[in-house]
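Take a look at the structure set out below.
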Amino acid sequence: MSFNYPTGYKAESVLSESQNCRYALKITTPATSSPITLFVLMMNPSVADGRKSDKTIDTLIKYYGEKYRQIIVVNTTPVIETDSNNLKNRINDINKNKMANTRSVSRMVKEAGSFHFLIATGEVKKGINDAAYVDLMNHIDNITVGDALFVISLTSKGFGGHPLYKKAEQLQNLTLVRKSDEFWHLEKV
């Protein structure tokens with residue numbers, strides 16, 4: 001299901017040269033006086049693009065659109081797949097695009113200046129996107145100083161919870177987290 005973006009919001013897809021891959025969805029908000037960009041790390045892109053939103057993106061806009069000048073949604077893997085359970089069938093595409101995705105996301109983080117980084121992957125899938133997740137988070141950690149890592153909630157395995165179907169209070173009050181081990185499980189600060 002897709003939705004129109006609200007008035008005052010403009011979205012742009014940062015596409016890969018490879019078919020069916022998206023490095024980022026950049027959403028410019030009406031909060032132009034805010035100095036901070038919100039990066040949202042999710043597992044994989046779904047149907048939202050520069051013209052149409054989806055339920056997840058609508059949730060992010062609803063709760064963060066008035067707080068941040070830009071919301072940039074990036075993913076552990078750029079492979080467009082509506083159902084993340086199908087990613088196991090796309091391992092070759094994930095591995096082929098891993099470094100290009102990491103370079104693209106790292107470049108956007110460097111360009112953003114001041115930002116918050118919301119980790120909202122849901123459970124990272126061992127053997128599917130775990131290596132891409134760790135690699136990407138290590139790059140982000142190496143190029144940033146003092147920028148905060150947040151989650152909406154923590155999953156049972158210590159990853160950032162996905163924004164859909166969360167309570168409003170969780171979405172409104174992000175939780176500050178830090179890396180707890182080499183696999184980028186997270187813990188509250």
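The values are calculated or read from the model by the stated rules, or taken from the named source; none is laboratory data. The structure presented is a predicted model; accordingly, all values stated were derived computationally and were not measured. Glycine also receives a Cβ, built like all others from the backbone with ideal geometry; neighbour counts cover every protein chain displayed. Heavy atoms of the whole protein, side chains included, go into the accessibility calculation; ligands, DNA and RNA do not. Shrake-Rupley method; radii C 1.70, N 1.55, O 1.52, S 1.80 Å.
Shape call for the stretch 98-189 from the C-alpha gyration tensor, a ≥ b ≥ c root eigenvalues: rounded (a/c under 1.5), prolate (a/b greater than b/c) or oblate?
Oblate is the answer for the stretch 98-189, as a/c is 1.5 or above yet b/c matches or exceeds a/b.
Under the definition of Cα pairs under 8 Å and six or more residues apart, what whole-number percent is the relative contact order of the chain?
Taking the mean separation of contacting Cα pairs over the length of the chain, I get 20 percent.
How large, in percent, is the carbon and sulfur part of the accessible surface of the chain at a probe radius of 1.4 Å?
Answer for the chain is 48 percent, counting heavy atoms of protein chains only.
So what is the accessible area of the chain per residue, in Å², with the probe set to 1.4 Å?
Per residue, the chain has 50 Å² of solvent-accessible surface.
Cα to Cα, under 22 Å, and not fewer than 8 places away if on the same chain: which lysines meet these conditions relative to Lys26?
Lys10, Lys52, Lys55, Lys62, Lys67, Lys98, Lys110
With no solvent and one point on each alpha carbon, what is the Debye value of log10 I(q)/I(0) for the stretch 28-178 at q = 0.12, 0.14 Å⁻¹?
Scattering profile of the stretch 28-178, log10 relative to I(0): -0.47, -0.65.
For the stretch 19-87, which trypsin sites (Lys or Arg not before Pro) pass both filters: DSSP loop (anything but H, G, I, E, B) and at most 12 other C-beta atoms within 10 Å?
When the trypsin sites (Lys or Arg not before Pro) of the stretch 19-87 are filtered for loop state and at most 12 Cβ neighbours within 10 Å, Arg51 remain.
Where both residues lie in the chain, what percent of DSSP beta bridges are antiparallel, nearest 5?
60
With the cut-off at 1.5 for a/c, could you classify the stretch 65-122 from its C-alpha gyration tensor as rounded, prolate or oblate?
Oblate is the answer for the stretch 65-122, as a/c is 1.5 or above yet b/c matches or exceeds a/b.
Do any GluC sites (Glu not before Pro) in the stretch 2-72 lie in a loop, going by DSSP, with at most 12 other beta-carbon atoms within 10 Å of their beta carbon, and if so which?
Taking the stretch 2-72 and a limit of 12 other Cβ atoms within 10 Å, the loop GluC sites (Glu not before Pro) found are Glu17, Glu66.
If you take the charge dipole of the chain about its Cα centre, with +1 on Lys and Arg Cβ and -1 on Asp and Glu Cβ, which of Tyr68, Met99, Met137 is farthest toward its positive end?
Value computed over the given set: Tyr68.
Once you have a ≥ b ≥ c as the square roots of the Cα gyration tensor eigenvalues for the stretch 1-45, tell me rounded if a/c is under 1.5, and otherwise prolate or oblate according to whether a/b is larger than b/c.
prolate
Write down the percent of antiparallel bridges among all DSSP beta bridges whose residues are both part of the stretch 112-189, to the nearest 5.
Within the stretch 112-189, antiparallel bridges account for around 70 percent of the total.
Select from the chain the helices, each a whole stretch of DSSP H, whose alpha-carbon atoms run 15 Å or more along the helix axis and whose Kyte-Doolittle mean is at least -0.5; answer none if there are none.
130-143
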